[in-house]
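The values are calculated or read from the model by the stated rules, or taken from the named source; none is laboratory data. This is a predicted model, so every value here is computed, not measured. Glycine also receives a Cβ, built like all others from the backbone with ideal geometry; neighbour counts cover every protein chain displayed. Accessible surface areas use protein heavy atoms only, side chains included; no ligands, DNA or RNA. Shrake-Rupley method; radii C 1.70, N 1.55, O 1.52, S 1.80 Å.
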Amino acid sequence: LAKSLEEEGIAVVHDETLHDNPSYSSSYSRSYDTIQTLLDKYPTIECVIDLHRDAIASEAAAPTVSIGGKTCGKYMYVVSTAVPTYQNNLKFVKALNKTASEDFSGFTGSVLERGYAYNQGLSDRYLLLEFGNNRNHIEDVRNTASVYGKILAKTLKAGY
């Protein structure tokens, strides 16, 4: 995703800290500190991305879609309803889905709203993204990231 955004002219701060060790249950409190430090260091950050690959217990085939001849895993947004930035984050997601629908034949992300904060109160443009899942081939997820970078870059450049 970082590479795709950079190819579109979007500067990226890519932090690869793993926050789920030693405890998954406190990973968001650890990532909160990391994000806050980055926002303090880089005050011009316009969008925070918390990127995941979903995990499912099912043996069913992972859903995919073909975009530009490449197989992409589906993606999903998780939006917190428990933060003051909820409406702005949801508006941003809707703008992203509008761009996706117009430019990539409806390659939009489903939206799952949850009452847990997920650190989304740190930004009016906070994205918690699930790209594919453990049943997708990793190449499908990489293809998703490549296409999604174009969607995000265009939406940001449009001022959303």
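Just checking, which of 108, 71, 85, 99 is in contact with a strand residue (DSSP E or B) (Cβ under 8 Å, 6 or more places away or on another chain) and more than 28 Å from residue 36 (Cβ to Cβ)?
Answer to the selection: 71.
Do we have any residue at all in the range 77-97 that's touching a Gly at 6+ places or on another chain (Cβ under 7 Å) and closer than 16 Å to residue 150 by Cα? Show your work before the answer.
Applying the first criterion (touching a Gly at 6+ places or on another chain (Cβ under 7 Å)) to the range 77-97 yields 77, 81-85, 97.
Now restrict to residues that are closer than 16 Å to residue 150 by Cα: 97.
The answer is yes; a qualifying residue exists.
Within the group 99, 81, which residue is polar (S, T, N, Q) and touching a helix residue (DSSP H, G or I) at 6+ places or on another chain (Cβ under 7 Å)?
Within the list 99, 81, the selection yields 99.
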Return the pairs, sorted by first residue and then second, in which the second residue is among the charged types (D, E, K, R) and open to solvent by 30 Å² or more (accessible area, probe 1.4 Å), the first residue lies in the range 96-111 and is within 17 Å of residue 127 (Cβ to Cβ) and part of a helix (DSSP H, G or I), the beta carbons are less than 9 Å apart, and the residues are 6+ apart or on different chains. 99/150; 99/154
Scope the range 38-63; condition at pLDDT 90 or above and open to solvent by less than 90 Å² (accessible area, probe 1.4 Å); matching residues: 38, 39, 42, 45, 47, 48, 49, 50, 51
Selection status of residue 24, of a type in the set (Ser, Thr, Tyr) and surrounded by 16 or more Cβ atoms within 10 Å (Cβ to Cβ): no
Return the total of residues in the range 70-86 being buried (at least 20 other Cβ atoms within 10 Å of the Cβ), under 13 Å from residue 131 (Cα atoms) and not small (Gly, Ala, Ser). 5
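For the range 113-145, name all the residues that are assigned to a helix (DSSP H, G or I), small (Gly, Ala, Ser) and crowded, with 17+ Cβ neighbours inside 10 Å. So that I can check it myself, show each step before the final result.
Narrowing the range 113-145 to residues assigned to a helix (DSSP H, G or I): 120-122, 138-145.
From what's left, small (Gly, Ala, Ser): 121, 145.
Once the filter is applied, which keeps residues that are assigned to a helix (DSSP H, G or I), small (Gly, Ala, Ser) and crowded, with 17+ Cβ neighbours inside 10 Å, the range 113-145 yields only 145.
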